[in-house]
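Written below as structure tokens is the structure these notes are about.
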Amino acid sequence: MLRVIIAFFFKAILYFFLISVVWVIVLKFVPVLFTPYMIGKKIEAAREDKSTEIYKDWESYDNISKEAALAVVASEDQTFPTHWGFDFDEIQDAMTEKRKRARGASTISQQTAKNVFLWHGRSYIRKALEVYFTLLIELIWGKERILEVYLNVAEMGPMTFGVEAASQRFYKKSAKDLTRAEAARIAAVLPNPIRFSIKNPSSYVLGRTSKISRQMRALGGQKYLAGL
């Protein structure tokens, strides 16, 4: 009986590995049109008797302003071009920093892995899967594809996912035409896109927008991402 259980366990791991690798390979080339989080938001809205309409519009990396790409990197993960999915300095700082509420240290790669492949919540199993899928997309997708997917699936407003949908909804223009200031404001709401508004920015969002714009200049502008 023990041998049967062990054999089943190893077969399950093997099948999971094969399916997950194929899944990641497919999504290297196919647009990510929905994520578990989007589905969860629709279910949540339906339970609260709210509109379940989701605003999303996939655009290729070439059709998104590089100011938008630079803005999210400057805001969320400045070592994105050089790390292998994890910023260990940030992780250490987050672990040792004394705060009542711990700050996050997730890279863009980790956030993309969580959004695309996993459910939202906290558990050791989910964290282990996050590490696994982060390594997979770093290895298989590469930096440009990771950033492209992030720019298309990240929540940027109420029921609004991706920079193209946010740009069309709040600026009435394509993401390809975003200015630095507009891109920085989108990035400024990413910590909490439900609480913070792109359309009606608070003084905090405006201050954060200015800070991100300065960081974008300090990184060297769009050329910072030229080698992805």
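No lab work stands behind these numbers, since they all come straight from the coordinates. What you see is a predicted model; the values in this text were computed from it and never measured. Every residue, glycine among them, receives a Cβ derived from its backbone with ideal geometry; neighbour counts consider all protein chains shown.
By its C-alpha gyration tensor, with a ≥ b ≥ c as the square roots of the eigenvalues, how is region 31-225 shaped: rounded for a/c under 1.5, else prolate for a/b larger than b/c, else oblate?
Working: a/c = 1.26, a/b = 1.04, b/c = 1.22.
Verdict is rounded for region 31-225.
Simple spin-label model, 7 Å along Cα-to-Cβ: residue 12 to residue 194 in nm?
Distance between label points: 3.2 nm.
What is the helix-to-structure angle for 203-218, meaning the angle in degrees between its Cα long axis and the longest Cα principal axis of the chain, kept from 0 to 90 and rounded to the nearest 10?
80
With +1 assigned to the C-beta of every Lys and Arg and -1 to the C-beta of every Asp and Glu, and no other charges, what is the dipole magnitude of the chain about the Cα centre in debye, to the nearest 20? List each step's numbers first, then the result.
Details: 33 positive and 23 negative charges, 114 e Å.
About 540 debye.
In degrees between 0 and 90, to the nearest 10, how far off the longest principal axis of the chain does helix 108-117 point, with axes built from Cα atoms?
The angle comes out near 60 degrees.
Return the distance in nm (one decimal) between the two label points of a simple spin-label model at residue 124 and residue 50, each offset 7 Å from Cα along Cα→Cβ.
About 3.4 nm, to one decimal.
Among 161, 204, 175, whose Cα projects farthest towards the positive end of the dipole of the chain, with charges put on the beta-carbon of Lys, Arg (+1) and Asp, Glu (-1)?
204
For the pair residue 206 and residue 82, what calculated FRET efficiency results from E = 1/(1 + (r/R0)^6), where r is the Cβ-Cβ distance and R0 = 41 Å, to the nearest 0.05?
Details: r = 30 Å, r/R0 = 0.74.
The pair residue 82/residue 206 has a calculated efficiency of 0.85.
Pull out a ≥ b ≥ c, the square roots of the eigenvalues of the alpha-carbon gyration tensor of region 138-211, then state rounded if a/c is under 1.5, prolate if not and a/b is larger than b/c, and oblate in the remaining case.
Working: a/c = 1.78, a/b = 1.62, b/c = 1.10.
Here region 138-211 falls in the prolate category.
Taking only Cα atoms, what is the 0 to 90° angle, nearest 10, from helix 36-47's long axis to the longest principal axis of the chain?
80
Per residue of region 183-199, what does 6.51 cos²θ - 1.76 cosθ + 1.60 with θ = phi - 60° give for ³J(HN,Hα)? Whole Hz please, x for Gly and Pro, Karplus curve as stated.
Result, rounded to whole Hz: 5, 5, 5, 4, 5, 5, 8, 4, x, 7, x, 8, 6, 9, 10, 6, 6.
To make sure I understand the rule: partners must be lysines, Cα under 30 Å from the Cα of residue 223, and not fewer than 8 residues away in the same chain. Which ones qualify?
Hits, sequence-local ones excluded: 28, 56, 66, 114, 143, 172, 173, 176, 199, 211.
Quick check of the Kirkwood formula: for region 122-165, what is the inverse mean of 1/r over all pairs of different Cα atoms, in Å? Let's see the in-between values first.
Numbers: mean 1/r = 0.0851 Å⁻¹.
11.8 Å is the Kirkwood radius here.
Using +1 on the beta carbon of Lys and Arg, -1 on that of Asp and Glu, and nothing else charged, what's the dipole of region 149-228 about the Cα centre, debye to 20?
In total the dipole reaches around 280 debye.
Would you work out if region 96-199 is rounded, prolate or oblate? Take a ≥ b ≥ c from the square roots of the eigenvalues of the alpha-carbon gyration tensor; rounded if a/c is under 1.5, else prolate when a/b is larger than b/c, oblate otherwise. Please list the in-between numbers first.
Details: a/c = 2.13, a/b = 1.41, b/c = 1.51.
Oblate, because a/c is 1.5 or more while a/b does not exceed b/c.
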